[in-house]
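Participant: Got a structure for you, written out below as structure tokens; questions coming shortly.
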Amino acid sequence: MKLTMEQKREIEAAFHKHPDLIKITREVFGDETLKGSSKEGKAVRDYLLEKGLRYKTTKHKKVEPVSLSDEQKEEVEEKAEQGVSSYQIARVLFPDREVKKLGMEQRAVMAHLKSINPDLDGPKAGAISEYSAPNAPSRIVMKINQATGGEIDHKKMPRQIEACVQKLGVRLNNSRFLAIINNYEDIKKRELFEQEFIRLTWDKPDLTADEVNLYMNVCKEYIHMEIISKHLEKLNKEFESIENQTDMTMRLSELIKTKSDEYHKCENRIASLTTTLQGKRGERMKRQHRDNASILAVVQMFQDEKERKNMIRIAQIQKEAIAGEADRLENMDIMMARILGVEKDDLI
């Protein structure tokens, strides 16, 4: 767009009053809807540049991404352990900035928290000491594969597997499950409890609430067994290192015996619970099979009865057809019938 001499003079005059590109453009062309990116705005901008006049624009500067230092990351983890929200943590880390909700600072904090625990959900998530149940099917499938050694593809799941994954997601958010797993402060114990529960229940979507609770008890017993096993290992090492200390040897022997008995009782409780669960579910599955078999039998009987009636109907039609043919032949000329050698009694 080419500017007139009058417009150029007006641009220079407007610039000395307010060096704002949009205001100059609107004043010179008398249109309050014009923007700096319009053809008029570009013409004004080019003229100002030609004259070496520095104008102002409303274009926002690009916000640089926020990166956390190692010290800040440590502080994030410390505050998160205390249950502080990601927004509050961001405000503590950047006191000299205007931290906005879901701004770059808070998102940087959330990104670091999610790198520690990918199952943290939402911008309000702060505490990382508590267990966060997975909700995304891809995360649930990943945990199933870890616990079972399977190779399920979350993008290509049969409907039956998809139903199992959905049911497991609900169970991992169960209030009792969360209460039990959060009682274990040791991350390894948590992982063992979670993996055992997933391994035992993920492919059983038909479990009742009571059976799910019993499986949680089984998993608790597995954790208890691991704890006893570690105690036994320590006691055995101490026993082997003792020489010529009869009293200490006897005391350690008693402790080892007590712990061994406790270990075997734990094993027996697991076996008993497992038998109970298998029995209950087995009986329920048998009943379902019997009910399904009964329904199939009724359907089969119905089909057989229908088939029998159909055969009788066909036989009756055939009989009626033969009788009609016999009547027709009987009404033929007697001589013709004799030639054919046919009598009614021969046909019926």
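Participant: Can you give the extra length, in nm with one decimal, that the chain gains between GLU6 and GLN278 once fully stretched, where that is 0.36 nm per residue apart less the Cα-Cα distance?
Facilitator: Length gained, GLU6 through GLN278: 88.4 nm.
Participant: Please give the FRET efficiency for MET250 paired with HIS224, using the beta carbon to beta carbon distance and R0 = 22 Å, rounded to the nearest 0.05.
Facilitator: After rounding, the FRET efficiency stands at 0.25.
Participant: What is the packing order of peptides 195-205, 87-97, 252-262, taking the mean over residues of other C-beta atoms within 10 Å and listing the highest first?
Facilitator: Descending packing order for the listed peptides: 195-205, 87-97, 252-262.
Participant: Now a separate question. Ordered by residue, what ³J(HN,Hα) values in Hz, to whole numbers, does the stretch 94-101 give under the Karplus form 6.51 cos²θ - 1.76 cosθ + 1.60, where θ = phi - 60° and Gly and Pro are x?
Facilitator: 10, x, 8, 10, 8, 6, 9, 5
Participant: If you don't mind, another one. Can you compute 3J(HN,Hα) from phi for each residue in the stretch 83-88, using the Karplus curve 6.51 cos²θ - 1.76 cosθ + 1.60 with θ = phi - 60°, rounded to whole Hz and x for Gly and Pro?
Facilitator: Ordered by residue, 3J(HN,Hα) equals x, 6, 6, 5, 5, 5 Hz.
Participant: Using the Karplus equation 6.51 cos²θ - 1.76 cosθ + 1.60 (θ = phi - 60°), what ³J(HN,Hα) coupling, rounded to whole Hz, does each residue of the stretch 162-175 give in order, writing x for Gly and Pro?
Facilitator: In residue order, the calculated couplings are 4, 5, 5, 5, 4, 5, 5, x, 5, 5, 6, 9, 4, 4 Hz.
Participant: Same structure, new question: What does the charge dipole of the stretch 156-245 about its Cα centre add up to, to the nearest 20 debye, if the Cβ of each Lys and Arg holds +1 and the Cβ of each Asp and Glu holds -1?
Facilitator: Here the stretch 156-245 has a charge dipole of around 460 debye.
Participant: I've got another one for you. Distance check, please: which entries in LYS23/LYS51; LYS73/LYS230; LYS73/LYS143; LYS189/LYS234 exceed 25 angstrom between their Cα atoms?
Facilitator: LYS73/LYS230; LYS73/LYS143
Participant: Rounded to the nearest whole Å³, what is the per residue volume of the convex hull around the Cα atoms of the stretch 118-261?
Facilitator: 138
Participant: Using amide H atoms built in the peptide plane, which far-off residues or other-chain residues are under 5 Å from ASP20 H to H?
Facilitator: Amide H neighbours of ASP20, under 5 Å, 5+ apart: LYS56.
Participant: Mind giving me the FRET efficiency for ARG97 and HIS18? R0 is 41 Å, r the Cβ-Cβ distance, nearest 0.05 is fine.
Facilitator: 0.85
Quick note: the coordinates plus some simple rules give every number you see, no bench work behind them. Computed from a predicted structure; not experimentally measured. Quick reminder, even Gly has a Cβ in these numbers, built from the backbone with ideal geometry, and neighbours come from all protein chains shown.
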